[in-house]
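Notes follow once the structure below has been shown.
Please treat every number below as a calculation from the coordinates, not as lab data. None of these values were measured; they are calculated from a predicted model. Cβ coordinates were reconstructed from backbone atoms using ideal geometry, including for glycine residues, and neighbour counts include every protein chain displayed.
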Amino acid sequence: MKLSDNLHKLLPFGYLFLVVLGILKESIFYYQIGINILKYSSLMDILISPIATLTSNLIVFVAVIIFAIILYAYPAFLAKRLDKKWAQKLSGLKNAETLSEEKVANHFTSFFAVLFACGLFSFFIGIGFGQGKRLAAKINSNSLKYNHILNYSTGDSETIYLIDVNSVYYFYIAKGSRTIKISPAASIKNMELTINEKLK
């Protein structure tokens, strides 16, 4: 079966799909705190957003890799057992014995791509909705942990809760305030992270 060969053809479309998911995830996250993130994002931010999401947490990254391996192995497992009725039923491929090897490979490539796309869609949308809802709740209940110090190029400093950073802006909430601030990266000299006592 030429499943792996056919997947190479889908890689450009796969990355485009990831970029769209990254935009959706960021939009859903920031919408819940009243920000239209596309107005504050550069093209580079949009292009790397799915990679940033996948690599933001080691557990998330490993989970996505395992998910992809399982989904790749599942069609391959079914393809080797197409003489069985249950395998044909699970794969949605009827009368497999009458089809050419190329048609079978194309079917399983599509089968894998659809399953993987649905899984990634659920993951990105779930992350965006869940993180945004949790942050909005923390802002409303004033339960944020202010563990960053932002030093401006003017010499002023603020203790903040950092929401996120992209190539152009810093998104944060200053201690004692419930207002989200958006500052150009050029106005920031540096940022300090307060070390958690548990890590000392």
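Under a Cβ-Cβ cut-off of 10 Å, what is the net charge of the residues other than Thr159 that fall near it, where Lys and Arg count +1 and Asp and Glu count -1?
On the way: positive: Lys175; negative: Glu158, Glu192.
Surrounding charge for Thr159 is -1.
Quick one: Karplus J couplings for segment 69-84, per residue in order, coefficients 6.51, -1.76, 1.60, θ = phi - 60°, nearest Hz, x for Gly and Pro?
5, 4, 5, 6, 6, 4, x, 5, 5, 5, 4, 7, 10, 5, 6, 8
Report the per residue volume, in Å³, of the convex hull enclosing the C-alpha atoms of segment 148-199.
On the way: hull volume 4.7 nm³, N = 52.
Normalising the Cα hull of segment 148-199 by residue number yields 91 Å³.
Based on Cα positions only, what radius of gyration and what Dmax would you give for the chain, in angstroms?
Spelled out, the Cα radius of gyration and Dmax of the chain are 22.7, 75 Å.
Expressed in nm to one decimal, what extension gain is obtained for the pair Thr194 and Ile59 from 0.36 nm per residue of sequence separation less their Cα-Cα distance? Can you show the working numbers first?
Numbers: separation 135, 0.36 × 135 = 48.60 nm, distance 2.35 nm.
This chain segment gains 46.3 nm when fully extended.
Within segment 41-70, whose backbone N sits under 11 Å from a point 7 Å along Cα→Cβ of Val165?
So the set is empty, nothing qualifies.
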